[in-house]
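Here is the structure we will look at, set down as structure tokens.
The values are calculated or read from the model by the stated rules, or taken from the named source; none is laboratory data. Note that the structure is a prediction, hence the values are computed from the model and not measured. Reconstructed Cβ throughout: ideal geometry from the backbone, glycine too, with neighbour counts over all protein chains shown. Heavy atoms of the whole protein, side chains included, go into the accessibility calculation; ligands, DNA and RNA do not. Shrake-Rupley method; radii C 1.70, N 1.55, O 1.52, S 1.80 Å.
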Amino acid sequence: MSYSSGPAPHYGSSSSGGPVSALIWSILMALCCNQICGIIAIVFSVVAMTKDQEPAEQERFVRYAWRTMGIGLAITVGLVILYFLFGSALALA
């Protein structure tokens with residue numbers, strides 16, 4: 001008796017910008033940097049993983065996830081710079 005399970009699931013392209021890598025990086029962002037943008041990026045990554053049969057839609061949601069992570073990283077870096085610039089000035093006053 002032979003059992004075939006059908007084709008293996010396809011989780012994104014083999015490029016470095018696939019939905020799985022976006023999901024991993026967005027989880028790290030939610031844990032370490034910016035929780036709001038990290039959670040939004042997680043949602044976009046999961047939606048991209050569900051769009052397995054529609055590669056154009058999948059790439060669109062992966063692009064949204066990477067852009068959201070970029071925005072979150074820019075906000076975090078900006079806040080850290082402002083903290084060091086104005087935090088030290090307030091401590092001296």
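Tabulated values for the structure
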{"read-out": "Only listed residue being over 10 Å from Ala22 (Cα atoms), among the charged types (D, E, K, R) and either part of a helix (DSSP H, G or I) or touching a helix residue (DSSP H, G or I) at 6+ places or on another chain (Cβ under 6 Å) (or both), chosen from Arg67, Arg63", "value": "Arg67"}
{"read-out": "Test: residue in the range 40-54 that is open to solvent by 80 Å² or more (accessible area, probe 1.4 Å) and in contact (Cβ under 8 Å) with a residue 12 or more places away in the chain", "value": "no"}
{"read-out": "Test: residue in the range 25-37 that is modelled with pLDDT under 95, in contact with a helix residue (DSSP H, G or I) (Cβ under 6 Å, 6 or more places away or on another chain) and of a type outside the set (A, V, I, L, M)", "value": "yes"}
